[in-house]
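First the structure, in the form of structure tokens, and then the observations on it.
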Amino acid sequence: MEEQIQSMVSEMLGKYGWLFIVGVLTLLFRQTIEKLVAGYMIFKGNDYNEDDVVEVDGKPGRIVRVGIWTTTFFTYDVRDGIIVGGAKLVVQNDKLKDLKIEKPLPLLDLSKYKVDSTCQDLLTELTRLQEKKKWKT
């Protein structure tokens, strides 16, 4: 009886041993695999592109680099309509879901709205960047 069990186990490991090894490796490297998949989705998707003007957790900024593992932002500190400083923000792609990231709508017709004078320069720059991107593509 013991010999039969040993032969059945060795036969199953011979046929399906690779599946067991893959399962164990998947459990061991689950977190790395999740980060890689999240990074790939951001890297290949069109949600975030380099040079996009965004607002990250309420701070204006720009996406500098979108990589497989991380996304890099330059955020600006604005006080009374004046940029007084900034910071480089590097976020792991699997943590982007925890941030509030907003992109302005492209090519808005702002002629029918009253625009505050402090925002006029920013809107002019956004329009210039959008036109520049449109000509590149």
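No lab work stands behind these numbers, since they all come straight from the coordinates. Just so you know, these numbers come straight off a predicted model, no measurement behind them. Cβ atoms come from the backbone with ideal geometry, glycine included; neighbour counts cover every protein chain shown.
Of the GluC sites (Glu not before Pro) found in region 1-74, the ones in coil according to DSSP and having at most 16 other Cβ atoms within 10 Å of their Cβ are 50.
The calculated FRET efficiency for residue 128 paired with residue 16, based on their beta-carbon distance and R0 = 41 Å, is about 0.10.
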